[in-house]
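Right, one structure below, let's go through it.
What follows is calculated from the coordinates using simple rules that are stated; it is not laboratory data. Please read these numbers as outputs of a predicted model, since none were measured by experiment. Note that each Cβ is placed from the backbone with ideal geometry, even for glycine, and that neighbours are counted across all protein chains shown.
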Amino acid sequence: MPTSVLVTPTAQRQIDSLRKPDRASYDQFLSELRSQGCKALKYRLTGRIVDHLCVRHLRGLLRVVVGFTAKDTAVVLLGGPHKDDDPSIDVYRALYQLAGIEAPPKDRRSKPPCCGEDTSLPPIDQDLVEDLVDRSLQLARSGSRRTRRR
């Protein structure tokens, strides 16, 4: 099923800063997401709030976090490295911050498939994804105001 893909300003900024091999990996993923929908994503996150978001491992430590507002509409929320040892750039730490969660859960989490096993549909949560997009827009605006003041 063809999927429309939107990208948050935060994710776009992260993607624009990728080196050529990582960018090629992202571009390939984007093509797969558009043509395959949730099947292009490897697993769904678990835990409070984030359980309707999916992830795809790209090249090396690079991850992409995606939410769905409809069965054929995906939003790339974040894209960056998963680095537990450097919380300032860790994509999951950024996700929890964007979602207003103090800290990532410490317990081991399962990684269920993104698409529903019975329905082959993505985990749709329009309100959650729109809230995360709004928060991303607010962050982008506050970042551009800080830049202009310098």
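Going by what's in this entry, would T10 be described as in contact (Cβ under 8 Å) with a residue 40 or more places away in the chain, farther than 21 Å from D72 by Cβ and surrounded by fewer than 21 Cβ atoms within 10 Å (Cβ to Cβ)? Outline the logic, then answer.
On the way: in contact (Cβ under 8 Å) with a residue 40 or more places away in the chain: yes; farther than 21 Å from D72 by Cβ: yes; surrounded by fewer than 21 Cβ atoms within 10 Å (Cβ to Cβ): no.
Judged against the criteria, T10 is not a match.
Mind listing whichever residues of region 91-121 are among the β-branched types (V, I, T) and in contact (Cβ under 8 Å) with a residue 12 or more places away in the chain?
Within region 91-121, V91, I101 meet the criteria.
Filter region 71-120 down to residues that are of a type in the set (K, R) and within 28 Å of T3 (Cβ to Cβ) and give me whichever is surrounded by the most Cβ atoms within 10 Å (Cβ to Cβ). Full working, then the answer.
Filtering region 71-120 down to residues of a type in the set (K, R) leaves 71, 83, 93, 106, 108-109, 111.
From what is left, the residues that are within 28 Å of T3 (Cβ to Cβ) are 71, 93, 109, 111.
Values: K71: 15, R93: 19, R109: 14, K111: 12.
It comes out as R93.
Please enumerate the residues belonging to region 50-89 that are over 23 Å from Q28 (Cβ atoms) and without any contact (Cβ under 8 Å) to a residue 24 or more places away in the chain.
Passing the criteria: D84, D85, D86, P87, S88.
In region 40-49, is there at least one residue being over 18 Å from L121 (Cβ atoms), surrounded by fewer than 17 Cβ atoms within 10 Å (Cβ to Cβ) and without any contact (Cβ under 8 Å) to a residue 40 or more places away in the chain?
no
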